[in-house]
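The values are calculated or read from the model by the stated rules, or taken from the named source; none is laboratory data. Keep in mind it's a predicted model, so treat the numbers as computed, not measured. Ideal geometry is used to build each Cβ from the backbone, glycine not excepted, and the neighbour counts take in all protein chains shown.
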């Protein structure tokens with residue numbers, strides 16, 4: 001299958017749609033107890049069970065529409081299945097709450113590994129949409145790796161010390177806002193290290 005360009009709004013909807021639906025579903029059933037197969041499950045576990053096929057469906061749609069998936073999309077889907085599945089199977093919400101920690105540690109670790117090799121793995125996946133000089137890529141990669149590690153620590157603190165409602169709000173809105181703010185604050189770096197388009201003589 002050849003790669004196709006996806007409408008940015010469709011892409012955004014497929015990426016955040018499952019998260020929004022998880023938030024809505026959890027809000028509606030969070031206080032309910034469901035008896036399935038003789039075992040009792042709270043609303044969070046049931047919402048998690050419904051979230052797994054949603055993320056798989058959205059990931060599959062991205063692949064069907066574009067002909068490719070990024071490593072980040074693949075790893076996110078795998079971790080949702082693994083940690084979400086453990087939460088449902090063991091009836092323990094802690095596993096799903098640890099998922100963002102694992103995702104951000106993995107991404108931060110991958111970027112850090114590349115930096116230790118003198119490479120920017122971030123450049124490999126973003127160069128087409130955001131051309132920068134090599135020095136700019138290295139700085140941005142260092143900042144993003146540190147940012148991912150900070151998000152991992154923040155997620156651990158929130159789910160271990162706050163209510164499930166607080167964690168769901170953080171996962172739905174806080175993480176998305178944090179990523180948006182991070183890239184907004186990198187404007188000066190991107191401007192300083194932008195690759196200039198060749199001028200026609």
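Could you tell me whether any residue of region 150-166 is in a loop (DSSP other than H, G, I, E, B), more than 15 Å from residue 103 (Cα to Cα), free of Cβ contacts under 8 Å to residues at least 40 places away in the same chain and over 18 Å from the mean Cα position of the chain (by Cα)? Full working, then the answer.
Residues of region 150-166 that are in a loop (DSSP other than H, G, I, E, B), as a first pass: 162-163.
In the following step, the residues that additionally are more than 15 Å from residue 103 (Cα to Cα) were identified as 162-163.
Narrowing further to those that are free of Cβ contacts under 8 Å to residues at least 40 places away in the same chain: 162-163.
Remaining after also requiring over 18 Å from the mean Cα position of the chain (by Cα): 162-163.
Yes; the residues of region 150-166 include at least one that is in a loop (DSSP other than H, G, I, E, B), more than 15 Å from residue 103 (Cα to Cα), free of Cβ contacts under 8 Å to residues at least 40 places away in the same chain and over 18 Å from the mean Cα position of the chain (by Cα).
Residues in region 143-178 that are within 24 Å of residue 121 (Cα to Cα) and surrounded by fewer than 14 Cβ atoms within 10 Å (Cβ to Cβ): 146, 153, 177.
Answer with yes or no whether residue 143 is closer than 26 Å to residue 188 by Cα, at pLDDT below 95 and assigned to a helix (DSSP H, G or I). Write out each step before concluding.
Values: closer than 26 Å to residue 188 by Cα: yes; at pLDDT below 95: no; assigned to a helix (DSSP H, G or I): yes.
So residue 143 does not fit the description; no.
Matching residues to (1) under 20 Å from the mean Cα position of the chain (by Cα); (2) more than 24 Å from residue 167 (Cα to Cα); (3) in contact (Cβ under 8 Å) with a residue 24 or more places away in the chain:
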site	(1), (2), (3)
31	no, no, no
37	no, yes, no
43	no, no, no
49	yes, no, yes
66	yes, yes, yes
72	yes, no, yes
76	yes, no, yes
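Only one residue in 70, 58 is at pLDDT below 90 and either buried (at least 17 other Cβ atoms within 10 Å of the Cβ) or touching a helix residue (DSSP H, G or I) at 6+ places or on another chain (Cβ under 8 Å) (or both), so which one is that?
On the way: 58 fails: at pLDDT below 90.
Being at pLDDT below 90 and either buried (at least 17 other Cβ atoms within 10 Å of the Cβ) or touching a helix residue (DSSP H, G or I) at 6+ places or on another chain (Cβ under 8 Å) (or both) holds for just one of 70, 58, which is 70.
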